[in-house]
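Computed from the coordinates by the stated procedures, all read-outs in this text should not be read as laboratory data. As the structure is a computational prediction, the values presented were derived from the model and not from experiment. Here the Cβ is made from the backbone with ideal geometry for all residues, glycine too, and neighbour counts use every protein chain on show.
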Amino acid sequence: MKIIFIFPLTLLMLFGCGGEDQNRGSAPSYPDTGQAEIHFDDLVIADGYDYNPVKSQSLTVDISSRSTERAHVSVYTKFKETSQGQYKPDYKSQIISRALESGATELDFSIADSQQELLAEIWFYDGQAPLQYYFTPEKAAWVMK
């Protein structure tokens, strides 16, 4: 009975040992390209260059002149324009969402500097169609009225 367990264990140990590599030699050599090596210290970066790939955004919502009913605002990074001129957001791309109090709120959020457009939707709990606002992140602060 012990041989049944010892034999497979011995085989496993033998397979794990490996063999002798016949092609053992020096490290591979690369052809000389004739160009001098560039070191990190040699790089020149312009003054004022921003390494931060994130932009801060501020969105102030104040629709109190239209409605003070219960409402909710959401901001999306991905959406498509429909044939009726409305926008259909990709709900998975929502980056921030908040309830409005008396028709107003402020949102502070961050987006990638490559983000070209955003969609904000204000949803009302009574079932009416949402208010939609398309904006580009060229400015850091936006006001929705």
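Details
- Listed residues Y87, Q132, A99: farthest to the positive end of the dipole of the stretch 79-145 (Cβ charges): Y87
- Against the chain, whose longest principal axis comes from its Cα atoms, helix 2-17 is set at around 80 degrees.
- Of all aspartates and glutamates in the structure, those lying under 14 Å Cα to Cα from K80, and not within fewer than 8 positions of it along the same chain, are D90, E117, E121.
- Sorted peptide list for 83-91, 33-41, criterion being average Cβ within 10 angstrom, highest first: 83-91, 33-41
- Each peptide in 102-112, 44-54 was scored by the mean count of other Cβ atoms within 10 Å over its residues; highest first, the order is 102-112, 44-54.
- Test item: Cα-centred dipole of the stretch 54-144, Lys/Arg +1 and Asp/Glu -1 on Cβ, debye: 200 debye
- Taking 17 Å as the cut-off, the amide N atoms of the stretch 99-121 that come nearer than this to a point 7 Å along the Cα-to-beta-carbon line of D62 belong to 100-108.
- Spacing of the two label points (7 Å from each Cα toward its C-beta) at L11 and Y91, in nm: 5.5 nm
- Label-to-label distance for S114 and T33 is 2.4 nm, based on points extended 7 Å past Cα in the beta-carbon direction.
- Over 22 Å [Cα-Cα, the chain], rounded percent: 63 percent
- Around Y76: net Lys/Arg minus Asp/Glu count, Cβ-Cβ under 12 Å: +1
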